[in-house]
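Here's the structure, in structure tokens; my notes come after.
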Amino acid sequence: MSGFSVGIDVGGTFTDLIALADDGRIDARKVLSTPADQSQGVRDALRALGAPPGEVTHLVHGTTVATNTLLERTGARVVLCATEGAADVLELRRQDRAALYDLTKHHPEPLVPHERIVAVPERVEPQALVKPLDAVAVRRVAQQTVERTPEVVAVALLHSFHDGRHERALGAALRSLIAGVDVVLSSEVLPEIREYERTATTVAEAYLRPSVGTYLRRVADELVQAGYPPPAVMTSAGGMRSASEAAQTAASLALSGPAGGILGAAHVARQAGIMDALTIDIGGTSADAGLVLGGEPLSESGGPVAGVPIALPRVLIETVSAGGGSIAWVDPAGALRVGPRSAGAQPGPAAFGRGGTDATVTDAHVVLGNIDASRMSGGVTLDAAAAQHAVEALAERLSAPVERVARAIIAAVDAAMARALRRVSVERGIDPRRCALVAFGGGGPLHACALATQLGMTRILVPPHAGVLSALGLALATERRDVMRSVMQRTEQLDRAALAAMCTELADRAGEAVERRWWVHARYVGQGHELDVPVTPDDDGAAVAARFGTLHSARAGFTLERPVEIVSLRHAAFGAAREARLTGVGTGDTTGRVRGPAVVALPDAAMWVDAGWSAGPLPTGGYLVEREK
């Protein structure tokens with residue numbers, strides 16, 4: 001194999017690699033992850049590939065460093081500079097409850113506590129500059145910031161999306177007065193209305209940048225020294241950027257790995273002739289649900305990650321703690337629970353024989369015979385006796401038969417994943433029954449039939465290389481740069497020339513591209529939420545309003561007789577696309593049609609065909625599993 005692109009996805013349990021040759025041929029590897037140092041898993045995967053470094057022409061990495069930093073709260077010490085009188089926005093949030101009917105549940109603590117927030121005596125309003133920021137105030141704010149010993153400074157002033165002069169002036173002063181400390185401005189990170197989301201996103205960027213940057217620089221240095229090309233990194237939006245660029249946009253990496261899975265699912269679905277699909281990626285730690293419409297992953301303008309709002313473009317992903325390593329336990333009331341705690345890669349499920357003793361979802365599958373291989377990917381030898389013992393210990397606590405407990409464990413995670421699939425489909429006006437289910441990840445093919453049954457779906461696509469499909473999405477990823485600007489105009493005030501000028505401005509900022517896409521955040525005047533509406537430089541306000549009405553009717557089921565307002569304009573610049581030739585490699589051991597109930601061994605996963613379903617191999621590899629009539 002000479003000259004190929006490599007995608008490496010680091011998960012909680014396994015690190016997956018796909019090598020994509022220039023002619024589209026595919027080679028796959030799977031190794032155990034190294035949670036203490038993800039870069040070791042990257043090196044292990046490349047070592048398992050066994051190809052000379054000089055033959056790798058392109059390398060894309062999907063990482064959970066940003067996500068883990070938010071989950072574990074191990075980011076940088078951030079000091080926030082916020083407008084005087086509006087310094088408590090992170091604490092106030094949206095004044096909504098963490099759970100409407102659970103008074104004991106609370107939102108996570110802000111990334112910046114109150115004592116590390118510096119009030120800035122300034123005020124800009126949409127209509128005018130109300131309170132100028134003078135040099136004396138700048139020096140005082142800088143001194144107060146220094147006293148709080150920041151590792152990074154975040155600056156988020158009111159209405160800076162409209163007028164960022166004060167932020168730029170304060171940022172320049174802070175950079176000159178506090179040597180070696182990075183300063184992150186909200187007017188550069190997210191120039192858009194809503195001070196809470198803008199502030200939270202800016203703080204998240206500041207919080208993540210040092211750890212993400214350190215990790216990416218270390219990985220890049222180690223790979224380059226070993227003879228590999230400088231790596232690129234997958235962003236949450238489903239495109240890749242160089243490691244050096246990604247280090248300066250750390251918040252955009254919060255869903256780096258899962259985004260690769262959705263891209264890979266969309267690719268294999270298109271090749272199988274499926275344009276609308278729900279996707280479920282079940283790994284060792286979690287499961288990610290997504291949606292593909294018209295052959296493309298559905299995107300959204302942002303959302304919470306580990307309780308932190310990040311209002312940056314990302315593919316639609318709903319994550320639940322329901323993976324193969326999710327631990328089953330008994331709560332104080334005597335009820336069976338599964339997750340969110342996971343056995344991960346160390347020690348892993350009891351069946352992995354690496355010291356784990358808790359019963360997990362994987363152990364339940366082994367007990368039921370759904371995983372009957374003696375060895376798994378990554379050099380793991382299955383210990384069926386250990387899995388049996390772990391589930392038996394749980395069954396004793398529940399005073400129930402072992403097989404019944406194993407089925408209950410699987411049913412519990414199936415219910416959690418089905419809820420996630422409904423959230424990405426039914427709650428967005430999409431009927432799952434008209435979609436196929438693309439099931440991948442190490443556990444996806446095992447749970448697919450049960451999930452499809454719960455949602456009334458009749459077709460399942462188990463793709464080739466199902467267990468490493470996220471890595472395929474990474475290897476196929478194109479370069480993508482996202483830029484945006486605030487607009488805040490009604491559509492009747494926007495003519496074609498004005499929209500074209502704004503589109504050109506963003507295109508110039510994004511740089512060269514093979515393909516360009518623009519869309520606006522639009523809403524009815526007075527609405528509290530927006531829809532992403534595709535636009536072109538040739539559109540005028542009337543065309544945008546009409547397109548918004550059509551989209552609003554499809555999503556919400558109604559339209560309003562109200563003016564349409566454009567909140568912001570966004571632009572994505574794409575590089576050259578890559579293709580993979582799916583030829584049937586990775587289908588499994590069976591060449592004929594399989595009728596359930598049956599277990600089918602796949603090269604990097606196992607597939608369970610339930611009673612009433614049958615599976616037929618596809619020319620592109622993998623299986624199309626259908627409900628029998």
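The values are calculated or read from the model by the stated rules, or taken from the named source; none is laboratory data. As the structure is a computational prediction, the values presented were derived from the model and not from experiment. Note that each Cβ is placed from the backbone with ideal geometry, even for glycine, and that neighbours are counted across all protein chains shown.
Annotations
- Filtered residues of segment 238-264 (kept if of a type in the set (G, A, S), closer than 19 Å to L190 by Cα and more than 8 Å from the chain's Cα centre (by Cα)): G238, G239, A246, A247, A250, A251, S252
- The set of residues in segment 326-347 being of a type outside the set (D, E, K, R) and either within 16 Å of the chain's Cα centre (by Cα) or modelled with pLDDT under 90 (or both) consists of G339, P340, S342, A343, G344, A345, Q346, P347.
- R116 meets the stated requirement of being within 36 Å of the chain's Cα centre (by Cα) and either free of Cβ contacts under 8 Å to residues at least 40 places away in the same chain or assigned by TED's automatic domain parsing to the domain that holds Q248 (or both).
- In the set (1) under 28 Å from A206 (Cα atoms); (2) in contact with a Phe, Trp or Tyr (Cβ under 9 Å, 6 or more places away or on another chain); (3) basic (K, R), the condition left unmet by R337 is number (1).
- The condition (being under 20 Å from A247 (Cβ atoms) and without any contact (Cβ under 8 Å) to a residue 60 or more places away in the chain) is satisfied by just one residue among E188, E147: E188.
- Residue that is surrounded by the fewest Cβ atoms within 10 Å (Cβ to Cβ), among those in segment 25-73 that are of a type in the set (D, E, K, R) and in contact (Cβ under 8 Å) with a residue 24 or more places away in the chain: R73
- Matching entry among A452, A471, A475 (being modelled with pLDDT of 95 or more, assigned to a helix (DSSP H, G or I) and in contact with a Leu (Cβ under 7 Å, 6 or more places away or on another chain)): A452
- Matching residues, segment 195-229, being without any contact (Cβ under 8 Å) to a residue 40 or more places away in the chain and not hydrophobic (A, V, I, L, M, F, W, C): G213, T214, R217, D221, Q225
- Qualifying residue in segment 267-276 (condition: outside the structural domain of V60 (by TED's automatic domain parsing), modelled with pLDDT of 95 or more and buried (at least 24 other Cβ atoms within 10 Å of the Cβ)): no
- Members of segment 143-155 that are surrounded by fewer than 20 Cβ atoms within 10 Å (Cβ to Cβ) and of a type outside the set (S, T, Y): Q143, Q144, V146, E147, R148, E151
- Here the condition is being crowded, with 20+ Cβ neighbours inside 10 Å, out of contact with any helix residue (DSSP H, G or I) (no Cβ under 8 Å at 6 or more places or on another chain) and among the hydroxyl-bearing types (S, T, Y); of S286, S242, S236, it holds for S286 alone.
- Here A19, A66 are screened, and the one residue that is in a strand (DSSP E or B) and either within 24 Å of the chain's Cα centre (by Cα) or over 19 Å from P229 (Cα atoms) (or both) is A19.
- Counted as qualifying within segment 172-254 are the strands (runs of 3 or more DSSP E) with 3 or more residues that are within 25 Å of V56 (Cβ to Cβ), namely 232-234, 240-242.
- Strands (runs of 3 or more DSSP E) enclosed by segment 288-382 - at least 1 residues per element that are closer than 30 Å to G273 by Cβ and outside the structural domain of A48 (by TED's automatic domain parsing): 318-320
- Qualifying residue in segment 560-579 (condition: buried (at least 20 other Cβ atoms within 10 Å of the Cβ), at pLDDT below 90 and under 17 Å from L469 (Cβ atoms)): no
- Test: residue in segment 74-82 that is among the polar types (S, T, N, Q), on the phi < 0 side of the Ramachandran plot and free of Cβ contacts under 8 Å to residues at least 24 places away in the same chain: no
- Just one of the listed residues (V468, V487) is outside the structural domain of V544 (by TED's automatic domain parsing) and either surrounded by fewer than 14 Cβ atoms within 10 Å (Cβ to Cβ) or of a type outside the set (D, E, K, R) (or both), and it is V468.
- Just so you know, in segment 119-131 the residues that are free of Cβ contacts under 8 Å to residues at least 60 places away in the same chain and closer than 21 Å to E188 by Cβ include one that is surrounded by the most Cβ atoms within 10 Å (Cβ to Cβ), and it is V120.
- Hits in segment 171-214 - residues which are among the small types (G, A, S) and out of contact with any Lys or Arg (no Cβ under 9 Å at 6 or more places or on another chain): G171, A172, S176, A179, G180, A204, A206, S211, G213
- Here segment 411-449 is the region considered, the condition is being of a type in the set (A, V, I, L, M, F, W, C) and in a loop (DSSP other than H, G, I, E, B), and the residue that is farthest from T13 (Cα to Cα) is I430.
- Residue match in segment 12-31 (condition: of a type in the set (S, T, N, Q) and within 19 Å of P603 (Cβ to Cβ)): yes
- Filter result for V112 (of a type in the set (A, V, I, L, M, F, W, C) and modelled with pLDDT of 90 or more): yes
- Some residue of segment 79-98 being of a type in the set (V, I, T), under 26 Å from the mean Cα position of the chain (by Cα) and buried (at least 24 other Cβ atoms within 10 Å of the Cβ): no
- Within segment 446-486, the residues that satisfy the criterion of being out of contact with any Phe, Trp or Tyr (no Cβ under 6 Å at 6 or more places or on another chain), aliphatic (A, V, I, L, M) and farther than 30 Å from Q248 by Cα are A448, A450, L451, A452, L455, M457, I460, L461.
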